[in-house]
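The values are calculated or read from the model by the stated rules, or taken from the named source; none is laboratory data. Everything numeric here is computed off the predicted structure, so don't read it as measured data. Cβ atoms come from the backbone with ideal geometry, glycine included; neighbour counts cover every protein chain shown. Calculation scope for accessible area: heavy atoms of the full protein, side chains included, ligands and nucleic acids excluded. Shrake-Rupley method; radii C 1.70, N 1.55, O 1.52, S 1.80 Å.
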Amino acid sequence: MLDGIELAGFSTPVSIVDLQASCCQQIPREPGVYLIVRLATTPPQYLEHSEAGRFKGKDPSVSLDVLEGSWAPGASIVYIGKAGGRKGLYQRLKQYMDFGAGEPVGHRGGRYIWQLSDHRDLLVCWRAVLDRPARDVERGLIARFAGVHGCRPFANLVD
């Protein structure tokens, strides 16, 4: 259990660095949900400017005040995402990793993690969801997190 979320059925966590290096090849092409996890217990440090891509020339950076106000003290999960579509988790996580590597990809959800100074140390795990919409599962996970911490995960901008 992590931040009120049962991890049974999730993949073994993979570092963002390893996921980017492997081009996400190990990720299934099914709908599902994924978690971005920060195991460090020290308070986060933030980058002034995001290292993520500039899709359509738009800077994904936000102010340090916004980042500090979004932090959930004591939490390990920093983002909960969903993936539907034809190529499911593979396509969505590949877009997310490419965006974080500076590519101009249209994946702005969860963009705050790319301003964490230790974002390369974050871990990713995922779970295929075939019996209901991934968005419903994502909402349920965010609600469980909020039940423990009183807020959404750091990089989740909507419930």
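Among V137, G85, G102, pick out the residue whose Cα is farthest towards the positive end of the charge dipole of the chain, where Lys and Arg carry +1 and Asp and Glu carry -1 on C-beta, about the Cα centre.
The residue sitting most towards the positive pole is G85.
With +1 on each Lys and Arg Cβ and -1 on each Asp and Glu Cβ, and nothing else charged, work out how big the dipole of the chain is about its Cα centre, in Debye to the nearest 20.
Rounded to the nearest 20 debye, it is 640 debye.
What three numbers, in Å, describe the spread of the alpha carbons of segment 1-108 along their principal axes, ordered from the longest?
38, 37, 22
Limiting things to C-alpha atoms, what are the Rg and the maximum Cα-Cα separation (Dmax) for segment 42-85, in angstroms?
13.1, 37
Below 8 Å between Cα atoms, with a sequence gap of 6+, how large is the relative contact order for the chain in percent?
Reported relative contact order: 39 percent.
Would you mind telling me the share, in percent, of accessible area of the chain contributed by carbon and sulfur at probe 1.4 angstrom?
Here carbon and sulfur together make up 51 percent of the probe-accessible area.
Using only the Cα atoms of segment 53-159, what semi-axes does the equivalent ellipsoid have when each is the square root of 5 times a gyration tensor eigenvalue? Give whole Å, largest first.
Those come to 21, 20, 11 Å.
Where nothing but the Cβ of Lys and Arg (+1) and of Asp and Glu (-1) is charged, how large is the charge dipole of segment 70-131 around its Cα centre, in debye to the nearest 20?
Taking the Cα centre of segment 70-131 as origin, the dipole is about 280 debye.
Out of residues 5 or more away from A72 or on other chains, whose amide H comes under 5 Å of its own, with H placed 1.01 Å from N in the peptide plane?
Sorted by chain and number, the residues that satisfy this are F154.
Once you keep just the Cα pairs under 8 angstrom separated by 6 or more residues, what percentage relative contact order results for segment 38-99?
33
For the chain, which longest stretch is free of loop sites, where a loop site is one of the GluC sites (Glu not before Pro) that DSSP puts outside H, G, I, E and B and that has at most 10 other Cβ atoms within 10 Å?
49-159
Give the accessible surface of the chain per residue, rounded to a whole number of Å², with probe radius 1.4 Å and ligands, DNA and RNA excluded.
48
In segment 1-106, what trypsin sites (Lys or Arg not before Pro) fall in a loop by DSSP, with at most 10 other Cβ atoms inside 10 Å?
Answer in residue order: R86.
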